[in-house]
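So the structure is just underneath, and the comments pick up after that.
The values are calculated or read from the model by the stated rules, or taken from the named source; none is laboratory data. What you see is a predicted model, and the numbers here were worked out from it, not measured in a lab. Quick reminder, even Gly has a Cβ in these numbers, built from the backbone with ideal geometry, and neighbours come from all protein chains shown. Heads up: the accessible areas ignore ligands, DNA and RNA and are worked out on the full protein's heavy atoms, side chains in. Shrake-Rupley method; radii C 1.70, N 1.55, O 1.52, S 1.80 Å.
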Amino acid sequence: MPHYVIAPPATATVPVANHGGDFPVRRIFCVGRNYAEHAREMGSDPDRELPFFFCKPSDAVLTYGADMPYPTMTKSLHHEMELVVAIGTEGANIPLDKALSHVWGYAAGLDMTRRDLQNAAKKEGKPWDMGKGFDFSAPIGLMIPADKFPDPTKGKIELKVNGVVRQTSDLSKLIWSVAETISYLSQLVMLAPGDLIFTGTPEGVAAVEKGDVLEGIVEGVGIVHTRIV
Ligand code: MN
């Protein structure tokens, strides 16, 4: 038994739908530029890039539709609507045809981004962490078990801000599918139970302001909602 010198931090969790318990979060990986139209709107050529990843702290998750405080040090808070994959079993070098068997569940999530800080970091070749991995930067809806969403290769993904559609696409337009993303990421790190993967956002990212209400849906998975305060 460790003898902690301070109280150990609480484990961040994501609630499972229908009072199905709580999914404990270990790490949060995010895929960059995984829809061609979004890669283009960010000024990249989608055909030339392998997937790349960045991380958020596990306690960046914001659950139960709680309000999201407008973060400090930014004038450009952007929404990125995404399918989130929750890993249930450990694996390294996972073959493509076994990748989905490592998934415990799915949720709808928002990769909230301090775009001005991210763009400044990009320009200077610095890390994205403070543009992406800040407090409350990962609003996430109720999780569903993987057997309730057996085919993550298709399904509408959409985000409304104040009732107006801002982002709309389909999971079929992911450049790297859920299975490919898991297989590739598992070559870089040992995936472990509790890991979340934000799979990337489609085109239409834009700024939000205090008072805005965000409502996202991944058809077949669920919704994510928050209000910026
Ligand atoms: Mn993203």
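Sorted by mean Cβ packing within 10 Å, highest first, what order do the peptides 212-225, 165-178 take? Each step should come with its number before you reach the end.
Details: 212-225: 20.1, 165-178: 17.9.
Taking the mean over residues of other Cβ atoms within 10 Å, the ranking is 212-225, 165-178.
Over the Cα atoms of the chain, what is the Rg over Rh ratio if Rh follows Kirkwood?
Values: Rg = 16.7 Å, Rh = 17.6 Å.
Using only Cα positions, Rg/Rh for the chain is 0.95.
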> What number comes out for the charge environment of Gly204, summing +1 per Lys or Arg and -1 per Asp or Glu over other residues with Cβ under 10 Å away?
Replying inline: -4
>> Restricting the calculation to Cα positions, tell me the Rg (one decimal) and the Dmax (whole number) of the stretch 75-114 in Å.
In response: 14.1, 43
> With a ≥ b ≥ c the root eigenvalues of the C-alpha gyration tensor of the stretch 126-207, is it rounded (a/c under 1.5), prolate (a/b larger than b/c) or oblate?
Replying inline: oblate
>> Using a 7 Å offset from Cα along Cα-Cβ at Asp59, what residues in the stretch 181-206 end up with backbone N under 19 Å from the label point?
In response: 194-196
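What number comes out for accessible area per residue over the stretch 122-229 if the probe is 1.4 Å? Units Å², please. Each step should come with its number before you reach the end.
Values: 4890 Å² over 108 residues.
In whole numbers, the stretch 122-229 has 45 Å² accessible per residue.
Let me spell out the model: positive unit charges on the Cβ of Lys and Arg, negative unit charges on the Cβ of Asp and Glu, origin at the Cα centre of the chain. What dipole size does that give, in debye rounded to 20? Could you put the intermediate results ahead of the total?
Details: 22 positive and 28 negative charges, 78 e Å.
With only Lys, Arg, Asp and Glu charged at Cβ, the dipole is about 380 debye.
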>> At 1.4 Å probe size, with the rest of the protein present, what percent of the exposed accessible area of the stretch 93-229 is carbon and sulfur atoms?
In response: 57
> Using the Cβ atoms and a cut-off under 11 Å, what net charge is assigned to the surroundings of Lys156, where Lys and Arg are +1 and Asp and Glu are -1?
Replying inline: -1
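For the stretch 75-172, rounded, prolate or oblate, judged on the Cα gyration tensor with a ≥ b ≥ c (square roots of eigenvalues), a/c < 1.5 rounded, else prolate if a/b > b/c? The partial results should precede the final answer.
Values: a/c = 2.27, a/b = 1.41, b/c = 1.61.
Oblate, because a/c is 1.5 or more while a/b does not exceed b/c.
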> In the chain, with Lys and Arg counted as +1 and Asp and Glu as -1 at Cβ, which of these residues, Pro69, Pro24, Gly222, has the Cα nearest the positive end of the dipole, that is, farthest along it?
Replying inline: Pro69
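Over 12 Å, how big is the tail of the calculated P(r) for the stretch 166-220, in percent of all Cα pairs? Walk me through the intermediate numbers first.
Numbers: 1121 of 1485 pairs.
Everything past 12 Å amounts to 75 percent.
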>> How many angstrom lie between the Cα centre of the stretch 139-177 and the Cα centre of the stretch 91-109?
In response: 16
> Looking only at Cα atoms, what is the convex hull volume of the stretch 9-98 per residue, in Å³?
Replying inline: 177
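With runs of 4+ DSSP H residues as the only contributors, calculate the mean residue ellipticity of the chain at 222 nm using -39,500 (n - 2.57) per run, divided by the residue total and rounded to the nearest 500. Present the calculation step by step, with values, prior to reporting the outcome.
Values: 4 runs with 30 residues, N = 229.
Result for the chain: -3500 deg cm²/dmol, rounded to the nearest 500.
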